[in-house]
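Presented below is the structure to which this report refers.
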């Protein structure tokens with residue numbers, strides 16, 4: 001690339017940066033305050049992490065709640081929309097002090113996702129608060145992350161405050177214990193999702 005092409009590329013990048021900053025200034029504040037948009041991050045401004053646990057028909061909900069309660073924390077359990085059994089389990093989770101929400105699913109039972117580009121989508125979980133529907137997307141999908149051999153190290157390195165951590169209720173209670181311990185060892189507080197918004 002010659003000097004003229006480099007200068008042209010640099011000026012184009014500067015122009016894109018200016019357009020982006022003007023757009024953010026014009027539209028960004030509105031979108032950040034618009035709570036009808038899916039939340040990708042908490043709004044506590046603290047070192048808090050919310051656990052989003054997707055409950056399937058085979059999930060041992062009691063064991064998940066026991067793991068969290070033994071660590072002195074509460075999570076938010078998301079149930080598939082439909083069925084009296086899901087409502088019954090949701091009531092049980094609420095009675096034990098956990099948060100409750102719901103997710104839509106495709107025909108195979110997988111949570112419906114929000115496409116974020118690059119061939120990836122993230123699950124959209126939702127719950128009602130004061131008659132309003134709130135939507136939350138995870139910051140880290142632990143179900144995907146657990147495919148890596150060194151996932152505990154990767155989680156520890158990527159973890160920051162006001163994150164939502166998503167995990168499938170696949171009955172891997174040992175992994176849940178490890179996740180909770182990593183979060184607490186880093187000095188973060190585990191909160192219910194609704195407490196973070």
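Computed from the coordinates by the stated procedures, all read-outs in this text should not be read as laboratory data. What you see is a predicted model; the values in this text were computed from it and never measured. Please note: Cβ atoms are built from the backbone with ideal geometry, for glycine as well, and neighbour counts cover all protein chains shown.
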Checklist outcome for this item: With 0.36 nm assigned to each residue of separation and the Cα-Cα distance removed, residue 94 to residue 173 gains 26.4 nm
Item to check | Nearest-0.05 FRET efficiency for residue 150 and residue 194, computed from C-beta distance (R0 35 Å) | outcome: 0.60
Next on the checklist: Can you give me the distance in nm between label points at residue 185 and residue 158, each placed 7 Å from the Cα along the Cα-to-Cβ direction?
Outcome noted: 1.8
Checklist outcome for this item: Simple spin-label estimate for residue 70/residue 57, 7 Å along Cα→Cβ, in nm, reads 2.9
